[in-house]
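Shown next, in structure tokens, is the structure this report addresses.
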Amino acid sequence: MNFLLKMRCEDAIYLLKNMPIRSNVNLLIADTYGNATIAETACFGDDRKISFRNSEDFLVATNHYESNEMLPYDNNRRRHSVIRYNTIKDYFSKKKGSISVESIKTILEEKVPKGVCCPFYEDGLGTLHSMVFDTTEISVQVCFGAASPQKWETISFNSPCENSKIQVPINNEFPQNPKTFWEHLNPGSMEQNRLHR
């Protein structure tokens, strides 16, 4: 674990580029030196594409690609992903300079469309866990199931952690406008998709 804690973003990027990854996924990579990037990955057959996004302020990713070079591979963009992306982006843009652990938890706990928590388990979009990583303290605050103020636990990466089973009550809900919520969108930049709120 100590080796991983001393890695820099560029080390993780190098490993990711050379790893036989076979998944279409967005990964947030951050290190203890204050560096962060989002890796957008697309795999098709034996080929793959990886693009990296950076920002001076904050980084946002949901279930679709935002890098222009990844748009040709963005064949499963859904309205719910764009809604969550825009919600996060707008929320933290208004909080410039005052982003805190509590403000992050607030948007994780709030249900869509005001936040990003999704209780649509039977439809296949239920929040399984929410996490807030602290790269200074080398710890994570995690909440299993739909996030709520009472359920956050802190886990340190500096000390061993015991295996344990956690039972999580699931309260299923359904989107108010399912046809719109699940709508398939054409690939496009964030600016183009701001119309799809």
Hits among aspartates and glutamates - C-alpha to C-alpha of LYS179 under 19 Å, sequence gap 8 or more where chains match: GLU122, ASP123
Rounded to whole Hz, the Karplus (6.51, -1.76, 1.60) HN-Hα couplings of region 57-62, x for glycine and proline: 9, 7, 10, 10, 8, 10
Aspartates and glutamates with Cα under 14 Å of LYS105, excluding same-chain neighbours fewer than 8 positions away: ASP134, GLU153
For q = 0.09, 0.13 Å⁻¹, Debye-computed log10 I/I(0) when each Cα of the chain counts as one equal scatterer: -0.38, -0.83
Approximate spin-label separation PHE144-ILE166, in nm, with each point projected 7 Å along Cα-to-Cβ: 0.6 nm
5 angstrom amide H check on LEU125, placed H, neighbours 5+ away: PHE120
Integer Hz, Karplus 6.51/-1.76/1.60 couplings in order for region 90-107, x for Gly and Pro: 5, 4, 7, 5, 6, 9, 3, x, 10, 7, 10, 4, 5, 5, 5, 4, 4, 6
Entries of LYS114/LYS151; LYS17/LYS114; LYS95/LYS165; LYS17/LYS165; LYS49/LYS94 with Cα pairs more than 31 Å apart: LYS17/LYS114; LYS95/LYS165; LYS17/LYS165; LYS49/LYS94
Reach of LYS89 by Cα under 19 Å, taken over aspartates and glutamates that are not fewer than 8 positions away in the same chain: GLU40, GLU56, ASP57, GLU66, GLU102, GLU109, GLU110, GLU191
Trypsin sites (Lys or Arg not before Pro) lying in DSSP loop within region 23-93, provided at most 15 other Cβ fall within 10 Å: none
Amide H partners (placed H, <5 Å) of ARG78, local residues excluded: LEU185
Cα gyration tensor, region 1-73 - rounded (a/c under 1.5), prolate or oblate: oblate
With at most 16 neighbouring Cβ atoms within 10 Å, loop GluC sites (Glu not before Pro) (DSSP) excluded, longest segment of the chain: 1-55
In nm, spacing of pseudo-spin labels at LEU28 and ILE99 (7 Å Cα→C-beta vector): 0.8 nm
The chain - mean residue ellipticity at 222 nm from DSSP helices (-39,500 (n - 2.57) per run, n ≥ 4, rounded to 500): -6500 deg cm²/dmol
Region 83-184: chymotrypsin sites (Phe, Trp or Tyr not before Pro) in DSSP coil with no more than 15 other Cβ atoms inside 10 Å: TRP182
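Bear in mind these aren't lab numbers, they're just calculated from the coordinates by the rules spelled out. The model shown is predicted, which means the values in this text are computed figures rather than measured ones. No Cβ is skipped: glycine too gets one built from the backbone with ideal geometry, and neighbour counts run over all protein chains shown.
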